[in-house]
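A short write-up of the structure that comes next.
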Amino acid sequence: MLDRLAGNAALKQDLAAALAADRLAHSILLVGERGCGAGFAARCLAADYLYPAGGPHAEAVLRGEDSECIAIRGEGASGQIRVERVRDAREAIQHSALSEDARGRVLFVYGAQDLNQSSANAMLKIIEEPPEGVLFLFTAASAAGVLPTIRSRCAAYTLAPVPPAECAAALRRELPRLSRDEADDLAFLYEGHIGLGLAAVRQPDTREALARAREFAALAAQGDAYRALALATRLERDKAAAGALLEQLAFVSSAALRRPGYAGVEPPRAAALLRAAGRARDALRANGNLRLTLAVFAAECCADAQSIKR
């Protein structure tokens, strides 16, 4: 299943060789920025580990549905992985029966940077005395964000974005209805991060945020302060949607820096949008007033655009 992972040839070769030689470390940390496919890579590796011959069970692993796989991730407002979830996973690993056709069992920890001190300590107790046949697969956006006690006990591998052409091809394989131009645009916009491109099509909230970001960028480039303010302040009661707009606007602005005229935005204006979006995101993270933050953000974007036009 590792061959289904786009790009990252050296990583796939190393992991496949370790599997073939039965020398795969029992704890693996897969590091990659959001959208690089660390979670998908973990499921591909798990499928090859549990079911070397492939088949329906291996496909179920890729879908996150196989009974030999246990997954834990952050939850709640803090997004942290709770110690209770780690303890539940430990009980499930140690006391549940293993199916006859599986080689072992896999514990996924999605977002290892979200382990706090308590949950990390509980995880260490499993890693240091692992049940036979259990493979621990951790993912993280950055190795530096993972507590050293966990990181030091894992074999770490880094995933990279793929070239735009390969990204576009992967998007079209996953989304057959996507046109070539649409796939090329998403591959350029997200700089080879396949997962981000898929989310922009499959997830309604992300798709809507991207559409708003494109519209806002065009309005700001025209210096249309009234309509830009109206668009932004429509989100004054929805912090998540406002954050998504700012995130997608950063992608659009970055694309305009790399390709002048993208979404109707020239580089100086794109730089101004990036600065304003960054300040607004910082304000949201600091729990600033959402309505005021969006109003200031829209005004800054259009004021910068007007000064450039003069």
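The values are calculated or read from the model by the stated rules, or taken from the named source; none is laboratory data. In this text, all values refer to a predicted model and were calculated from it rather than measured experimentally. Every residue, glycine among them, receives a Cβ derived from its backbone with ideal geometry; neighbour counts consider all protein chains shown. In case anyone asks, the SASA skips ligands and DNA or RNA and just uses the protein heavy atoms, side chains included. Shrake-Rupley method; radii C 1.70, N 1.55, O 1.52, S 1.80 Å.
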(message) Under the 0.36 nm per residue contour assumption, what length would be gained going from the current alpha-carbon distance of Arg103 and Ala165 to full extension?
(response) 18.7 nm
(request) Please give the helix 180-189 orientation as an angle from the longest Cα principal axis of the chain, in degrees from 0 to 90, rounded to the nearest 10. (result) 90 degrees
(message) Charges at C-beta only: +1 for Lys and Arg, -1 for Asp and Glu. How large is the resulting dipole of segment 1-113 about its Cα centre, in Debye rounded to 20?
(response) 340 debye
(message) Projecting each Cα onto the charge dipole of the chain (Lys/Arg +1, Asp/Glu -1 at the beta carbon, about the Cα centre), which of Ala303, Tyr157, Ala199 comes out farthest on the positive side?
(response) Ala303
(message) Considering only protein heavy atoms and a probe of 1.4 Å, how much of the accessible area of segment 1-118 is carbon and sulfur, as a whole percent?
(response) 47 percent
(message) Could you tell me how many cubic angstrom of Cα convex hull volume segment 219-294 has per residue?
(response) 74 Å³
(request) Quote the FRET efficiency, to the nearest 0.05, computed for Glu266 versus Glu215 with a Förster distance R0 of 25 Å and r equal to the Cβ-Cβ distance. (result) 0.90
(message) Pairs of alpha-carbon atoms within less than 8 angstrom and 6+ residues apart define the contacts here; what relative contact order does segment 1-99 have, in percent?
(response) 20 percent
(message) Antiparallel versus total DSSP beta bridges in the chain: what percent is that, nearest 5?
(response) 0 percent
(message) Using the crude model of +1 on Lys and Arg Cβ and -1 on Asp and Glu Cβ, and no other charge, please compute the dipole size for the chain relative to its Cα centre, in debye to 20.
(response) 1060 debye
(request) Return a whole-number percent for the relative contact order of segment 80-227, with Cα pairs under 8 Å and 6 or more residues apart as the contact set. (result) 17 percent
(request) Determine ³J(HN,Hα), in whole Hz, for all residues of segment 198-204 in sequence, where each value follows from phi through the Karplus function 6.51 cos²θ - 1.76 cosθ + 1.60 and θ = phi - 60°; x replaces Gly and Pro. (result) 5, 4, 5, 9, 7, 9, x
(message) What distance in nm lies between label points placed 7 Å from Cα along the C-beta direction at Ser78 and Asn287?
(response) 1.5 nm
(request) Could you work out the relative contact order of the chain, using alpha carbon pairs under 8 angstrom and six or more residues apart, expressed as a whole percent? (result) 17 percent
(request) Would you mind checking segment 59-98 for residues with the amide N under 14 Å from a putative spin-label position 7 Å along Cα→C-beta of His26? (result) 93-94
(message) Let me make sure I get this right: for segment 5-150, a, b and c are the square roots of the gyration tensor eigenvalues over alpha carbons, sorted descending. Under 1.5 in a/c it's rounded, otherwise prolate if a/b > b/c, else oblate. Which is it?
(response) oblate
(request) Grab the Cα-Cα distance for Thr149 and Arg87, subtract it from 0.36 nm times how many residues apart they are, and report the gain in nm with one decimal. (result) 20.6 nm
(message) As I understand it, the value is the acute angle between the Cα axis of helix 164-174 and the longest principal axis of the Cα atoms of the chain; what does it come to in degrees, rounded to 10?
(response) 70 degrees
(request) Measure of size requested: the Rg and Dmax of segment 77-191, with Cα atoms as the atom set and Å as the unit; please supply both. (result) 18.6, 51
(request) Taking 7 Å along the Cα-to-C-beta vector as the label spot, tell me the Lys125-Gln13 distance in nanometres, rounded to one decimal. (result) 4.3 nm
(request) State in Å² the accessible area per residue of the chain; use a 1.4 Å probe, count heavy atoms of protein chains only, and round to the nearest integer. (result) 49 Å²
